[in-house]
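Participant: Please see the structure below; I have some questions.
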């Protein structure tokens with residue numbers, strides 16, 4: 001039976017000690033200290049450096065033992081050989097959690113050094129992340145151990161999606177991508193070699209964390225398969241979990257083994273476990289974001305029947321193909337009331353059928369009228385609204401109408417818009433208002449299909465619960 | 001036997017008459033005239049308007065019959081009912097080609113009016129595009145009939161990709177997307193109802209056009225299946241053709257029928273014809289662009305063996321999965337010479353194996369050294385270089401090194417970079433220098449797999465030729 005690790009002091013620390021804080025801007029410890037100051041972190045900061053009494057205007061200490069005040073989180077950014085002693089001092093000082101960003105452990109063959117780190121963490125009951133990781137980021141608490149400048153990785157806004165990644169590079173790439181999306185971040189954890197805190201601990205923490213609405217995972221290996229399965233089953237029932245696992249093919253699995261010295265394991269076994277737990281399986285980084293976006297909207301579908309509204313006939317056909325190919329979604333049949341109302345309200349060119357092609361000259365008013373008619377149709381469970389902003393009538397006023405409509409509707413609704421600058425501008429406008437925008441018919445269909453499948457999974461589970 | 005239609009006067013006209021040119025900025029004829037002036041079109045422009053003697057400072061005429069000078073192209077932008085008479089006058093005036101942008105024909109049930117248009121075109125041997133289309137755009141000749149402002153659709157640069165689309169909305173969307181890519185446009189044709197010039201005529205013209213290196217098609221229906229098959233077989237041998245056909249599913253096919261009143265036909269039949277002709281089949285608009293990008297680079301693969309170089313281990317694993325899943329590509333085995341050279345030149349952390357993980361601190365110099373070693377390895381046919389610009393060493397100097405290396409290499413090479421602004425900046429930098437950049441491992445693998453499959457198809461065809 002594994003003991004639960006409390007990660008709260010790591011993610012929402014009231015005080016942070018930065019071991020290896022330095023005046024030298026090249027040093028990781030300098031960048032981390034700078035980030036805490038720049039982000040406006042409200043807690044206490046204790047730079048720890050054997051040679052300095054003050055760094056960046058903040059009183060520095062030789063050791064955490066000299067601080068003589070409670071320390072929630074210690075970030076360790078010193079050479080690997082010095083880490084065990086620093087960990088001991090953290091333990092003695094009563095530090096509540098540790099993030100070891102330093103590399104130079106199992107990933108270069110020094111398994112003994114890593115084992116020592118894990119034992120110290122365990123001895124003092126001190127949840128320890130890493131080593132060889134980017135650490136954590138929490139936009140609410142402004143705790144941010146990422147030692148990468150913000151011009152390289154845009155930091156996302158506050159939101160409900162929590163994300164964990166073994167790999168620092170993939171982690172920071174996804175974080176950077178999230179910053180371009182309308183949904184925000186709850187917590188980010190890059191856990192590296194997972195000497196002490198592993199994917200199961202983090203999954204458990206995300207499950208219990210009230211600020212986390214959606215969990216996104218990038219995995220290479222799974223450290224403790226049994227523990228993972230146990231927690232996965234519970235989490236899947238509680239919150240949507242989106243997972244991308246590398247090492248799907250034999251070649252990929254071999255590459256993963258070489259990368260993290262962790263056993264990638266049998267992908268089929270992992271996949272079966274994910275499915276049993278109701279996880280949403282992504283096949284690529286872009287899919288992680290597609291799925292995160294729809295689940296972050298917290299929309300609840302009543303059924304699989306989709307209405308498509310479009311200003312481009314061709315795009316409507318491609319969307320219909322994508323819906324029909326999803327294996328889950330169905331094209332809604334408009335009710336007789338909808339059909340006669342559309343016939344009355346729409347110009348003669350518009351056929352009152354699904355997909356509803358509002359024609360290339362549709363503007364905000366026509367979209368709003370059509371959507372208002374579809375509102376009361378009980379045959380429609382979800383809405384896909386295609387807006388090609390290249391057409392003459394598509395502009396900011398139309399985007400505003402969609403935002404307004406979404407505000408008054410409980411049905412899941414997504415927008416599909418494809419294009420360059422003018423489109424991107426409107427995409428950002430809609431996403432900031434909580435309207436998910438997709439850049440292809442296939443991704444929109446995949447997202448709604450996942451949303452519906454997960455709601456079915458949850459309903460099944462709750463029915464069969466004791 | 002269908003007669004060949006010469007589309008050159010339509011795409012590279014020495015003189016253009018705009019029938020329906022107007023002072024009223026709301027009118028399509030106004031926007032088209034304005035576009036020709038703004039684009040710096042070098043040929044003669046003849047505004048045709050029954051009520052004006054001058055429009056935007058250019059002498060106007062009551063009819064093309066009054067021009068008394070050779071007219072290569074007449075663009076017709078007047079109400080549908082007036083089109084037949086205008087066509088007659090074009091024929092009598094010896095106009096060489098016509099683009100009818102006006103709608104109001106078969107798409108609203110007026111098949112007779114459309115038939116009349118086709119008969120007049122045929123009578124005078126005057127290739128006629130449309131009706132109900134956006135028309136043509138050729139960045140070389142600066143002939144541009146698109147009646148949509150440039151802030152809505154960015155116009156692409158000059159390049160080797162020619163693109164045709166039945167649907168005006170999908171056409172303009174793809175055109176807009178192309179403007180954001182590094183490859184440029186040769187010709188764009190939106191052919192609408194295809195009363196006279198259809199997909200087979202355009203395909204034939206693109207095949208013979210020396211400026212067209214790659215053909216991209218968006219189809220809903222195929223008007224003349226037999227003619228299409230015949231030309232498709234020839235074109236496929238001559239140039240790469242990338243095709244997206246809507247109406248893949250029964251529901252999609254029904255929607256397509258309602259949209260263009262053209263029979264979408266059996267998708268399986270069309271797909272079989274595409275495959276026999278060596279066409280590259282896209283499943284979504286984004287795939288059209290992925291494939292166009294790699295073929296526009298005109299790279300010639302010698303074989304399917306891929307080397308992967310990365311600064312992120314996780315991304316290397318995902319890339320390996322994508323290569324192994326492609327069904328076509330293989331992971332190259334580094335030669336003993338490569339392995340020993342890598343061991344000598346790289347830091348100890350770097351494993352001399354494929355995927356080659358240069359580690360998160362790799363910079364331009366390390367990439368350049370590694371690529372230089374891989375250059376002489378005869379086991380490598382293609383290169384995938386992953387650069388996660390979130391890592392500390394990835395910057396403009398690294399991008400410049402890759403551009404430099406690509407310049408001296410004959411092997412197909414693509415870059416995979418995923419991220420927000422800092423990544424986008426470098427993506428544009430590399431693409432402008434002819435280095436294709438992909439935003440996911442899967443799209444990069446799909447592109448290289450298509451490139452290799454097509455080269456195999458061409459080799460087979462040339463061997464079996466009489």
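Participant: Output the residues belonging to region A:332-372 that are more than 13 Å from every other protein chain (Cβ to nearest Cβ) and closer than 19 Å to residue B:254 by Cα.
Facilitator: Matches in region A:332-372: A:334, A:335, A:339.
Participant: A follow-up question, please. What about residue A:322, is it touching a helix residue (DSSP H, G or I) at 6+ places or on another chain (Cβ under 9 Å), touching a residue at least 12 places away in the same chain (Cβ under 8 Å), more than 11 Å from chain B (Cβ to nearest Cβ) and crowded, with 17+ Cβ neighbours inside 10 Å?
Facilitator: It is false that residue A:322 is touching a helix residue (DSSP H, G or I) at 6+ places or on another chain (Cβ under 9 Å), touching a residue at least 12 places away in the same chain (Cβ under 8 Å), more than 11 Å from chain B (Cβ to nearest Cβ) and crowded, with 17+ Cβ neighbours inside 10 Å.
Participant: Ok, one more. Tell me the helices (runs of 4 or more DSSP H) entirely within region B:200-306 that contain at least 2 residues that are away from every other protein chain (no Cβ under 14 Å). Write out each step before concluding.
Facilitator: On the way: elements: B:225-238, B:250-260, B:267-276, B:285-296.
Result: B:225-238, B:267-276, B:285-296.
Yes or no, residue by residue, for (1) within 11 Å of the chain's Cα centre (by Cα); (2) without any contact (Cβ under 8 Å) to a residue 60 or more places away in the chain; (3) closer than 22 Å to residue A:101 by Cα:
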site	(1), (2), (3)
A:164	yes, yes, yes
A:172	no, yes, yes
A:203	no, yes, yes
A:215	yes, yes, no
A:228	no, yes, no
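Participant: Next question. Of the residues A:406, A:344, which single one is without any contact (Cβ under 8 Å) to a residue 12 or more places away in the chain and either farther than 29 Å from residue B:31 by Cα or outside the structural domain of residue A:321 (by TED's automatic domain parsing) (or both)?
Facilitator: Only one candidate qualifies: A:344.
Participant: In the set A:221, A:192, A:252, which member is in contact with a helix residue (DSSP H, G or I) (Cβ under 7 Å, 6 or more places away or on another chain), touching a residue at least 60 places away in the same chain (Cβ under 8 Å) and buried (at least 19 other Cβ atoms within 10 Å of the Cβ)?
Facilitator: A:192
Participant: Please enumerate the residues belonging to region A:278-298 that are surrounded by fewer than 20 Cβ atoms within 10 Å (Cβ to Cβ) and over 14 Å from the mean Cα position of the chain (by Cα).
Facilitator: Across region A:278-298, the qualifying residue is only A:283.
Participant: When the residues of region B:308-319 are narrowed to those that are more than 28 Å from the chain's Cα centre (by Cα) and in a strand (DSSP E or B), which ends up nearest to the other protein chains (Cβ to nearest Cβ)?
Facilitator: The extreme case among them is B:310.
Participant: Condition first: away from chain B (no Cβ under 14 Å), in contact with a helix residue (DSSP H, G or I) (Cβ under 8 Å, 6 or more places away or on another chain) and under 21 Å from residue A:445 (Cβ atoms). Now tell me which residues in region A:386-414 satisfy that.
Facilitator: Within region A:386-414, A:402, A:405, A:409, A:412, A:413, A:414 qualify.
Participant: Let me ask something else about it. When residues of region B:56-78 are filtered for being over 14 Å from residue B:99 (Cβ atoms) and modelled with pLDDT of 95 or more, how many remain? Give the steps one after another, and end with the answer.
Facilitator: As a first pass, look at region B:56-78 and keep what is over 14 Å from residue B:99 (Cβ atoms): B:56-63, B:65-70.
Pick out the ones that are also modelled with pLDDT of 95 or more and you get B:58-63, B:65-70.
Residues flagged as over 14 Å from residue B:99 (Cβ atoms) and modelled with pLDDT of 95 or more within region B:56-78 amount to 12.
Participant: Give me the pairs, please: first residue somewhere in region B:255-275 and under 22 Å from residue B:195 (Cα atoms), second residue anywhere and modelled with pLDDT under 80 and in a helix (DSSP H, G or I), beta-carbon distance under 6 Å, and either six or more positions apart or on two chains.
Facilitator: B:264/B:256; B:264/B:257
Participant: Taking region B:230-249 on its own, how many of its residues are modelled with pLDDT of 90 or more, buried (at least 18 other Cβ atoms within 10 Å of the Cβ) and out of contact with any strand residue (DSSP E or B) (no Cβ under 9 Å at 6 or more places or on another chain)?
Facilitator: Looking only at that region, the number is 2.
Participant: Next question. Give the residues of region B:420-437 that are within 11 Å of chain A (Cβ to nearest Cβ), crowded, with 19+ Cβ neighbours inside 10 Å and within 18 Å of residue B:289 (Cβ to Cβ), sorted by residue number.
Facilitator: B:423
Participant: Moving on. Which condition breaks for residue B:358 when tested against (1) in contact with a strand residue (DSSP E or B) (Cβ under 7 Å, 6 or more places away or on another chain); (2) surrounded by fewer than 17 Cβ atoms within 10 Å (Cβ to Cβ)?
Facilitator: All conditions pass for residue B:358, except number (2).
Participant: Something else: Restricting attention to region A:365-392, which residues are surrounded by fewer than 21 Cβ atoms within 10 Å (Cβ to Cβ) and within 16 Å of residue A:435 (Cα to Cα)?
Facilitator: Residue satisfying the conditions is A:368 alone.
Participant: Go through B:70, B:25, B:13, B:84 for me and flag whichever is under 34 Å from the mean Cα position of the chain (by Cα), without any contact (Cβ under 8 Å) to a residue 60 or more places away in the chain, under 28 Å from residue B:201 (Cα atoms) and part of a loop (DSSP other than H, G, I, E, B).
Facilitator: Result of the check over B:70, B:25, B:13, B:84: B:70.
Participant: Okay, next question. So residue B:327 ticks every box in (1) modelled with pLDDT of 95 or more; (2) farther than 30 Å from residue A:190 by Cβ; (3) assigned by TED's automatic domain parsing to the domain that holds residue B:408 but one. Which box is left unticked?
Facilitator: The single condition residue B:327 does not satisfy is (1).
Participant: Let me ask you something else. So, in region B:191-229, exactly how many residues are at pLDDT below 95 and more than 29 Å from residue B:76 (Cα to Cα)?
Facilitator: Matching residues across region B:191-229 total 2.
Participant: Next question. Which residues, taken from region B:148-194, are in contact with a strand residue (DSSP E or B) (Cβ under 8 Å, 6 or more places away or on another chain) and part of a loop (DSSP other than H, G, I, E, B)?
Facilitator: B:155, B:156, B:157, B:166, B:167, B:182, B:183, B:184, B:191, B:192
Participant: Any idea which of B:396, B:453, B:417, B:443 is loosely packed, with under 15 Cβ neighbours inside 10 Å, over 23 Å from residue B:339 (Cα atoms) and at pLDDT 95 or above? So that I can check it myself, show each step before the final result.
Facilitator: Details: B:453 fails: loosely packed, with under 15 Cβ neighbours inside 10 Å; B:417 fails: loosely packed, with under 15 Cβ neighbours inside 10 Å; B:443 fails: loosely packed, with under 15 Cβ neighbours inside 10 Å.
One residue alone meets the criteria, B:396.
Participant: Here are A:289, A:329: which of them is touching a helix residue (DSSP H, G or I) at 6+ places or on another chain (Cβ under 7 Å) and more than 22 Å from residue B:254 (Cβ to Cβ)? If you could, list the steps in order and put the result at the bottom.
Facilitator: Details: A:329 fails: more than 22 Å from residue B:254 (Cβ to Cβ).
Just one listed residue meets the conditions, A:289.
Participant: Consider residue A:433 carefully, then state whether it is within 25 Å of residue A:157 (Cβ to Cβ), modelled with pLDDT under 95 and under 31 Å from the mean Cα position of the chain (by Cα).
Facilitator: Values: within 25 Å of residue A:157 (Cβ to Cβ): yes; modelled with pLDDT under 95: yes; under 31 Å from the mean Cα position of the chain (by Cα): yes.
Taking the combined requirement at face value, the residue satisfies it.
The values are calculated or read from the model by the stated rules, or taken from the named source; none is laboratory data. What you see is a predicted model, and the numbers here were worked out from it, not measured in a lab. Cβ sites come from the backbone with ideal geometry, for glycine too, and all protein chains shown count toward neighbours.
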